[in-house]
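Chemist: Once you've had a glance at the structure underneath, I'll fire off some questions.
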Amino acid sequence: MDFQAILDEIDDELRPRLDAVEGKVASYIPALARVSPRQFGIALRTCAGETAAAGDAAVPFSIQSMSKVFSLTLAIRALGEAMWDRIGREPSGSPFNSLVQLESERGIPRNPFINAGAIAVADRLVSQGDALAELLALLGRLCGEPIHVDAEVAQSEADTGFRNTALANFMKGFGTLDNDVAEVLDVYFHQCAIAMSCEQVASAAGYLCRDGRHPLAGTPVLSAAQTRRVNALMLTCGTYDAAGEFAFRIGLPCKSGVGGGIMAIVPDRLSLCVWSPALDATGNSWLGRQGLELFVTKTGLSVF
Ligand code: GLU
């Protein structure tokens, strides 16, 4: 398959839609509100190491909730099954920053991809050592180049992270978090503020598309069974309240973020990342989602 030609076609087809972008960039984090919505990028990396990219694929953006896949990976590596002692694996059916469910489920987050779950994962990582440094080191190894936090976005997250602070305190009250709330949130805010391009995300996600092996070095990042589980969670919980619609229309494990990125996995074939900052009503990238749909239509690649 000529992936470069396919990505070029997708970019050609979608770029005119940037003139009439529907949806809005995330505004509840002021640093994200300043990003121009008129950008679209798409990149992939095959299991064989072939790469293809189009549009704004080399522009770094805030990976936001996509970071939750990589922090979960670190926590599974460190804790194995014990990772799941205080974090569930069911879709939440409520907004990603909802407090309501946490109350009725006694401080146990539904899954590691809603904010409460990712904060609980960050707590596990804080217990293991320097969580942010570990995460950046993992991403750097996976991409083969250094990865950084956008300090302005991290500060903006901290300045406006009232709901996340509430979630963390709430979980601390239930005994879900072991560590100091401020320390855990500092990790969470910084991981969300990591900046990467579509090309870097597509490369970093390479271990998820086969058997958990590092895309460049071939060493294990996760076991094959752990990799399948992360993919299952991405499919069922990775795109906020639109996971059913994503499975229906796209049929790939995906993880999105409010920075407008969506990473997707075609098991045994390739890892893919699309980015366009304007979000639809479900909090997923408006044009990114269309890009993924086009990719699946043009290639016929889907897990179903
Ligand atoms: N930093 C964002 C928040 O905590 C991440 C949300 C997201 O991308 O889903 O609200």
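Chemist: For GLU105 and ALA182, compute 0.36 nm times the residue count separating them, minus their Cα-Cα distance, and round to one decimal in nm. Display every interim value, and only then the final one.
Modeler: Numbers: separation 77, 0.36 × 77 = 27.72 nm, distance 2.31 nm.
Additional length available on full extension: 25.4 nm.
Chemist: I'd like the isolated cysteines in the chain, meaning no second cysteine's beta-carbon lies under 4.7 angstrom from theirs.
Modeler: CYS47, CYS143, CYS192, CYS209, CYS237, CYS254, each lacking another Cys Cβ under 4.7 Å.
Chemist: I've got another one for you. Which of these, GLY259, GLY173, GLY117, has the largest mean-square fluctuation under a Gaussian network model of the chain (Cα springs below 10 Å)?
Modeler: Maximum fluctuation in the GNM of the chain, among the listed residues, is at GLY173.
Chemist: Could you tell me the ratio Rg/Rh of the chain? Both radii from Cα atoms, Rh via Kirkwood.
Modeler: Numbers: Rg = 17.7 Å, Rh = 18.8 Å.
For the chain, the value is 0.94.
Chemist: Compute the whole-percent fraction of alpha carbon pairs in the stretch 16-141 spaced more than 18 Å apart.
Modeler: Details: 5122 of 7875 pairs.
Tail of the P(r) past 18 Å holds 65 percent of the pairs.
Chemist: Which order do ASP85, ASP150 fall in if you start with the one that has the fewest other Cβ atoms within 10 Å?
Modeler: Ranking ASP85, ASP150 by Cβ neighbours within 10 Å, fewest first, gives ASP85, ASP150.
Chemist: Relative to the present Cα-Cα distance, how much length would full extension add between ALA151 and ALA58 at 0.36 nm per residue of separation? Could you put the intermediate results ahead of the total?
Modeler: Numbers: separation 93, 0.36 × 93 = 33.48 nm, distance 1.96 nm.
Extra length from ALA151 to ALA58 when fully extended: 31.5 nm.
Chemist: Please compute the contact order of the stretch 77-180 in relative form: average sequence separation of alpha-carbon pairs under 8 Å and at least six residues apart, divided by the residue count, as a percent.
Modeler: Answer for the stretch 77-180 is 31 percent.
Chemist: If all Cα-Cα distances of the stretch 265-304 are sorted into 10 Å bins from 0 onward, what percent lands in each bin, rounded to whole numbers?
Modeler: 28, 49, 22, 0
Chemist: Something else: Whole-Hz ³J(HN,Hα) for each residue in the stretch 101-107, computed from phi via Karplus 6.51 cos²θ - 1.76 cosθ + 1.60 with θ = phi - 60°, x for glycine and proline: what do you get?
Modeler: 5, 4, 5, 6, 9, 6, x
Chemist: To continue, here is another question. For the stretch 161-280, what does the convex hull of the Cα positions come to per residue, in cubic angstrom?
Modeler: Values: hull volume 17.1 nm³, N = 120.
So the per-residue hull volume is 142 Å³.
FYI, it's all coordinate maths here, none of it is from the lab. These numbers come from a predicted model, not from an experiment. Backbone-built Cβ (ideal geometry, glycine too); neighbour counts: all protein chains shown.
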